[in-house]
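Peer 1: Can you read through this structure? Questions will come right after.
The values are calculated or read from the model by the stated rules, or taken from the named source; none is laboratory data. Since this is a predicted model, take the numbers as computed values, not measurements. Glycine also receives a Cβ, built like all others from the backbone with ideal geometry; neighbour counts cover every protein chain displayed. Accessible surface areas use protein heavy atoms only, side chains included; no ligands, DNA or RNA. Shrake-Rupley method; radii C 1.70, N 1.55, O 1.52, S 1.80 Å.
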Amino acid sequence: MLEYRRKDLDLSTRIFLGVEMLYPAEVRGWGRASELVRAYGISRSMLYQIKDRVQEALEGALKPKAVGRPVKEKLVHIDRAPVRKAIAVMPLLTGSVRSIQLGLELLFGVQRSVGHISQTLKAAGAAAERQNEGVCVPLPVLGEADEIFAGRQPCLTVVDGRSFLVLNLAAAESRDATHWGLTFLDLAAQGVVFQDLAADGARGIRAGLQDAELAVPLRPDLFYLLREGKRLANRLEKTAYKAVRTAEKAIRAEQEANQPIKRQGRPLKVELTAEEAIQKETQAIATYDNFCWLLAEVQQALEPITALHHRQVPQQAQQTLETAIELFQTLPGKKLADFAQQLQDHLDELLAPLRWLHETLTPCCQRLPADLEAWILASWRNGIHQLETIPTQWRKTALAIWEALALFHRSSSLAESLHSWLRPYLTIHRGMPDWLFPLLQLFWNHHVFSRGKRAGHSPLQLAGVENVPSLAGAFDSLFVNLASA
């Protein structure tokens, strides 16, 4: 228990001094304050401080109270012990309603029913949904649309590819054109302006965008188009290694058969002669090497900047792709031919971002020296955007080039990353409760990235939204709205 520095001035003495000084001067007598100062060895300022404290305590105890039964308040004193307890308890809670109930009891010593927790979550989700709908994004959005499932129920996700802002995160009855079209129309009503929209081959997204009649360029997801190529490369690599092992075994079997002294045990069993196995080995290795080389050429042709830091010319990229497709078709195997046909079917869509970028950058680079253009492109490619290295007369041009390159968009990888973050929540709650996605969207859009190129900023800040509250402030305002509702 805390003690006073002056042990002779205990609590009762301080109360006596304070009450004595509360009397008017004409009642307590003139000079009484000087007598108390001399008697107790204290200063006059300390005497009046004691008097003020006693007066404040009496006023707080005797002031009028609210009508009715007093509210029971239970305060939690936060010191090292409860913090350490929270650190130990929180990793054990999964986030389900039952875990929330247990966490309240362990951390705060309060008991709430499952129904009370569920109703609170529903009210918080509704308030979070209103806040999410009130966000106005001033910058053009690089849309990324995708779907994630919990069982058979889809969740329609739309993310900004530049700021990683979640624009839509909502469960739907279906992923058809109607639901996607309504989603795009709702976003347009909120003021979202799409620069373009990247998506995989889902038909609902494409049909929904057409039904919404939004003039938004649809970019096919380059990752999905080339993912099959990477899978084929892995299969061809395994086939080549298998052919190498088969050839080694066939050669060893032939050598053992030609030796005058036979080794003990059964002879090696092979299905091919050494010559046939070597021929298949050579063919498998050549197929794998040629396929990987062609796939790397396709990927390089689709890059906005060449290896020598020049702008990618769409005509040259088209010639490279067409030549690669023809060479893919000469390789053995039906799956390789199907992959080549897939590239042929999406050729115009693959080249569309390059054509847009070339048309945008051509006016900016007409008078720009070639070496300076290469330096500006190399700076953007390496993530170095320092205007100090650019001559003064060309700095506006460099900014225009960097802005155009920042809008070069052809993947929905951020939507996929968001789904990786969402999946554990869907597993915990075994579905998609109505309150879950609005709260997750509110949390994600206000949280600050801790690392990477977006470190130190929240998605809302990166999207150009002004006066963005902190994550704690967002949840404080959320429950203020709940209290006033």
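Peer 1: Which one of the conditions (1) part of a helix (DSSP H, G or I); (2) under 46 Å from the mean Cα position of the chain (by Cα) does His309 fail to meet, given that it meets all the rest?
Peer 2: Looking at each condition in turn, His309 falls short on (1).
Peer 1: If you scan segment 393-438, which residues turn out to be among the hydroxyl-bearing types (Ser, Thr, Tyr) and over 17 Å from the mean Cα position of the chain (by Cα)?
Peer 2: Thr397, Thr427
Peer 1: Which residue pairs have Cβ atoms under 7 Å apart, sit 6 or more places apart or on different chains, and have a first residue in segment 298-326 that is more than 17 Å from Trp356 (Cα to Cα) and a second that is surrounded by 14 or more Cβ atoms within 10 Å (Cβ to Cβ) and among the β-branched types (Val, Ile, Thr)?
Peer 2: Short answer, once both residue conditions are applied: Leu321/Val298; Ala324/Val298.
Peer 1: Here's something else I'd like to know. Is there any pair with a first residue in segment 117-131 that is within 14 Å of Ala170 (Cβ to Cβ) and a second that is surrounded by fewer than 16 Cβ atoms within 10 Å (Cβ to Cβ) whose Cβ atoms are under 7 Å apart and which are 6 or more apart or on different chains, and what are they?
Peer 2: Short answer, once both residue conditions are applied: Gly125/Asp434.
Peer 1: Mind listing just one residue for me: the one in segment 292-316 that is under 23 Å from Arg227 (Cβ atoms) and touching an Asp or Glu at 6+ places or on another chain (Cβ under 9 Å) and, of those, surrounded by the fewest Cβ atoms within 10 Å (Cβ to Cβ)?
Peer 2: If we take residues in segment 292-316 being under 23 Å from Arg227 (Cβ atoms) and touching an Asp or Glu at 6+ places or on another chain (Cβ under 9 Å), then Cys292 is surrounded by the fewest Cβ atoms within 10 Å (Cβ to Cβ).
Peer 1: Okay, next question. Please find, among Thr362, Thr389, the residue that is within 20 Å of Leu308 (Cβ to Cβ), open to solvent by 30 Å² or more (accessible area, probe 1.4 Å), at pLDDT below 85 and not hydrophobic (A, V, I, L, M, F, W, C).
Peer 2: Being within 20 Å of Leu308 (Cβ to Cβ), open to solvent by 30 Å² or more (accessible area, probe 1.4 Å), at pLDDT below 85 and not hydrophobic (A, V, I, L, M, F, W, C) holds for just one of Thr362, Thr389, which is Thr389.
Peer 1: Considering only segment 1-33, state which residues are surrounded by 10 or more Cβ atoms within 10 Å (Cβ to Cβ) and of a type in the set (Phe, Trp, Tyr).
Peer 2: Selection gives Tyr4, Phe16, Tyr23.
Peer 1: Search segment 203-232 for residues that are closer than 20 Å to Gln299 by Cα and pair each with any residue that is of a type in the set (D, E, K, R) and open to solvent by 90 Å² or more (accessible area, probe 1.4 Å) when their beta-carbon atoms are under 9 Å apart and the residues are at least 6 apart or on different chains.
Peer 2: Leu218/Arg206; Glu228/Lys335; Leu232/Lys335
Peer 1: Counting just the residues of segment 10-58 that are among the acidic types (Asp, Glu) and assigned to a helix (DSSP H, G or I), which one comes out modelled with the lowest pLDDT?
Peer 2: Per the criteria, the residue is Glu26.
Peer 1: When only residues in segment 434-467 that are among the aliphatic types (A, V, I, L, M) and surrounded by fewer than 18 Cβ atoms within 10 Å (Cβ to Cβ) count, which is farthest from Leu156 (Cα to Cα)?
Peer 2: Once the filter is applied, the top-ranked residue is Ala455.
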